[in-house]
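The values are calculated or read from the model by the stated rules, or taken from the named source; none is laboratory data. All values derive from a computational prediction rather than experimental measurement. All Cβ positions, glycine included, derive from the backbone under ideal geometry; neighbour counts span all protein chains shown.
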Amino acid sequence: MTGAGEQDPSGTSSPAAAVPAAPVPAAARPARVRVTAPSPSARERSRRLAAAGPRDAAEQTEAGEVFIRSLIRSQLRLAVVVAGGFLLILLGFPVLLSVAPAVGAIPVFGIPFSWLLLGLGIYPVIGLSAWLYIRSAARNEDTYRDLSEER
């Protein structure tokens, strides 16, 4: 008879050799570290913010507080307008299909137009809304930055 890990006379290892090694205790294993690199847009944004100067200086004066309130109001107004426009378009699709059911029945490549409109037509609307919001929000922030630097 052969022991664990020994080969028998035929040259094959015995079944006892298939025993797995003892697990390494958790304290002996090194801690996992997640390494990430900032995206190029994040680097650009951090450079812009660093070049803009200290934010606390704008908040310490009465004019700075007015500028900040103005920025917050303009960003809120922008968010409400973009969300409202998106919801109107989103709700307009089913209203169009219920008012004119013949439009929804038209086959396009064998798929009803209503399915294409609701399934694929919404993604360009989402992308356009996001693009408009980001562009307008950046313009609002640039205006705030210009005004706070001029004081």
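Residues that are surrounded by 10 or more Cβ atoms within 10 Å (Cβ to Cβ), of a type in the set (S, T, Y) and modelled with pLDDT under 85: does the range 46-55 have at least one?
yes
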Report summary line: Taking the range 78-119 and keeping only residues that are under 23 Å from the mean Cα position of the chain (by Cα) and at pLDDT 85 or above, one is left with L78, A79, V80, V81, V82, A83, G84, G85, F86, L87, I89, L90
Report task. Report those helices (runs of 4 or more DSSP H) wholly inside the range 94-150 carrying at least 2 residues which are within 18 Å of S74 (Cα to Cα). Result -> 122-150
Requested in this report: Could you please find all residues in the range 93-145 being touching a helix residue (DSSP H, G or I) at 6+ places or on another chain (Cβ under 8 Å) and among the charged types (D, E, K, R)?
Outcome: E141
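Which residue, of R135, R69, R139, is more than 21 Å from the chain's Cα centre (by Cα) and without any contact (Cβ under 8 Å) to a residue 24 or more places away in the chain?
Details: R135 fails: more than 21 Å from the chain's Cα centre (by Cα); R139 fails: more than 21 Å from the chain's Cα centre (by Cα).
Only one candidate qualifies: R69.
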